[in-house]
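A short write-up of the structure that comes next.
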Amino acid sequence: MPEYEWVADNASLARCCKRWLKRQSLMIDTEFERTQTFYPRPGLIQVYDGEQITLIDPLQVTDMAPLREVLTDPAVLKVVHSGSEDVELFIHRLAITPQPLFDTQIAAAYAGVGQGMGFQRLVESLTGTVLSKEQTRSDWLQRPLSEAQCHYASEDVFWLLPVFEELYAKLQALGRLRWLLDDTSEQVAQIARGVAPQDYYAKVKMAWQLKPRELAILRDLCDWREGIARSQDLSRNMVMPDRVLFEVAKRKPFKFEQLMVIEGARAHLVKRHGKVVLAIVEAVRALPDEALPPALPKPLSKSAQQRLNTIRGRIDTVAEPLNVPVDMLARKRDLEVLARRPELLAQPDKWPVGLQGWRGELLSECLSSLRFNE
């Protein structure tokens, strides 16, 4: 492994980026902290161009414009492993959406190597090299970084290259490179879109149990919390945990004493936010019925679950010979739409967006002929 170069000033980064713009692909990784913050805080950005390993100090470099150009250049393929949080960091901190992207974790699943593989395991599987995990939980915001940290960070991008080269060749030989590039493009777009603050309530566990007025309370509480979390860069739990918002929505308290007895509603949170929370509850109490949100979909009924199992079984007849996991060919949330509305099976053009494109081409024949007796 070559010695790394440490980049901590604008001029050095600009020189590196000029070199990287001439490359066809770059291995990229980031190290960050996100224990109590809404957004990841970058501690290090690693780049390997096949010759030189570069460690960029985002705490010192103030002009990231050259790196933005590299990350958005369509002629330079950016290679990451399980890169959703890396992408989120670039979107928030650099205000760009990196494209095109090659995610080796997704690629491994499509290449028949394995699904959801961690980087160390994937490296060992493809190269036989066992990487150290000692620095996984390091403090990447400390300065100076230790030599052990820098070595660990360098290995992450150095070994990414042989993994990428083997997976790229496999996907090309199998005719599945398009699958990977389409998926990573959509992944980046989804991260960039994010979840609208007013829509986060639908992601709260068990929210489907709530009645419309309770759901409206949860909706407005989540909307308020998102605003606080994003503006103050605090994790949602640091503002108020999901389970507390759920219980507030269900119990509809109207005084502080009722808030205090909710499990998880710590005293300092109630003292800081209790007045606003109670005001939200009171405001929703006064809403007319027509202003309430519709109920969220309940879990699948027994018959719908049976349909889902049948649909998955049919897809398995396609997935097994391809040596690709069923849920890589069709995500559960998309299949649940078909299980709830089996009449759509015969209308591939009306399938969920996630089943369009190459997935629709692959699955339309095996699913469109499927019929259920209602």
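Among the residues of the stretch 266-308, just one is outside any helix (DSSP H, G or I), among the small types (Gly, Ala, Ser) and in contact (Cβ under 8 Å) with a residue 24 or more places away in the chain, namely ALA295. Among residues that are assigned by TED's automatic domain parsing to the domain that holds VAL123, buried (at least 20 other Cβ atoms within 10 Å of the Cβ) and within 12 Å of TYR110 (Cα to Cα), LEU160 is not included.
Conditions (1) among the hydrophobic types (A, V, I, L, M, F, W, C); (2) farther than 24 Å from ARG333 by Cβ; (3) surrounded by fewer than 17 Cβ atoms within 10 Å (Cβ to Cβ); (4) touching a strand residue (DSSP E or B) at 6+ places or on another chain (Cβ under 6 Å), marked per residue:
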position	(1), (2), (3), (4)
TRP224	yes, yes, no, no
ARG230	no, yes, yes, no
VAL244	yes, yes, no, no
GLU247	no, yes, no, no
ARG251	no, yes, yes, no
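Looking across the stretch 320-348, just one residue is among the small types (Gly, Ala, Ser) and either at pLDDT below 95 or on the phi > 0 side of the Ramachandran plot (or both), and that is ALA346. Just one of (1) exposed (fewer than 14 other Cβ atoms within 10 Å of the Cβ); (2) within 28 Å of ALA111 (Cα to Cα); (3) among the hydroxyl-bearing types (Ser, Thr, Tyr) trips up SER301, so point out which. Here SER301 meets the rest and fails (2). Go through VAL188, VAL204, VAL195 for me and flag whichever is under 30 Å from ARG225 (Cβ atoms), buried (at least 20 other Cβ atoms within 10 Å of the Cβ) and under 16 Å from the mean Cα position of the chain (by Cα). Going through VAL188, VAL204, VAL195 in turn, the sole match is VAL188. From the list VAL157, VAL130, the one residue that fits, being among the β-branched types (Val, Ile, Thr) and assigned to a helix (DSSP H, G or I), is VAL157. Each residue in the stretch 97-117 was checked for being without any contact (Cβ under 8 Å) to a residue 60 or more places away in the chain and surrounded by 18 or more Cβ atoms within 10 Å (Cβ to Cβ), and 4 pass.
Reported count of residues in the stretch 337-371, each being over 19 Å from GLN305 (Cα atoms), charged (D, E, K, R) and surrounded by fewer than 16 Cβ atoms within 10 Å (Cβ to Cβ), is 4. Pairs, please: C-beta under 7 Å, at least 6 apart or cross-chain, first residue farther than 16 Å from VAL276 by Cα and in the stretch 235-262, second hydroxyl-bearing (Ser, Thr, Tyr) and part of a loop (DSSP other than H, G, I, E, B)? Cβ pairs passing all conditions: SER235/THR37. Restricting attention to the stretch 35-60, the residues that are within 14 Å of ALA8 (Cα to Cα) and either surrounded by fewer than 18 Cβ atoms within 10 Å (Cβ to Cβ) or outside the structural domain of GLN149 (by TED's automatic domain parsing) (or both) add up to 2.
Residue check: is ASP63 touching a strand residue (DSSP E or B) at 6+ places or on another chain (Cβ under 8 Å), surrounded by fewer than 23 Cβ atoms within 10 Å (Cβ to Cβ), assigned by TED's automatic domain parsing to the domain that holds GLN120 and at pLDDT 95 or above? Spelling it out, it is not the case that ASP63 is touching a strand residue (DSSP E or B) at 6+ places or on another chain (Cβ under 8 Å), surrounded by fewer than 23 Cβ atoms within 10 Å (Cβ to Cβ), assigned by TED's automatic domain parsing to the domain that holds GLN120 and at pLDDT 95 or above.
Pairs are defined by a Cβ separation below 6 Å, a sequence spacing of at least 6 or placement on different chains, a first member in the stretch 1-17 that is more than 20 Å from HIS151 (Cα to Cα), and a second member that is of a type in the set (Gly, Ala, Ser) and part of a helix (DSSP H, G or I); no pair meets this definition.
Screening ARG15, ARG34 for residues that are at pLDDT below 95, of a type in the set (Lys, Arg) and over 22 Å from THR184 (Cα atoms) leaves exactly one candidate, ARG34.
Go through the stretch 209-230 and report how many residues are more than 16 Å from PRO294 (Cα to Cα) and under 23 Å from the mean Cα position of the chain (by Cα). Count: 9. In the stretch 70-91, the count of residues that are over 30 Å from ALA319 (Cβ atoms), free of Cβ contacts under 8 Å to residues at least 40 places away in the same chain, surrounded by fewer than 18 Cβ atoms within 10 Å (Cβ to Cβ) and of a type outside the set (A, V, I, L, M, F, W, C) is one or more. Grab the helices (runs of 4 or more DSSP H) fully contained in the stretch 313-374, keeping just those with 1 or more residues being over 22 Å from SER185 (Cα atoms) and among the β-branched types (Val, Ile, Thr). In the stretch 313-374, 332-340 are the helices (runs of 4 or more DSSP H) which contain 1 or more residues that are over 22 Å from SER185 (Cα atoms) and among the β-branched types (Val, Ile, Thr).
The values are calculated or read from the model by the stated rules, or taken from the named source; none is laboratory data. Keep in mind that what you see is a predicted model, and the values were worked out from it rather than measured. Reconstructed Cβ throughout: ideal geometry from the backbone, glycine too, with neighbour counts over all protein chains shown.
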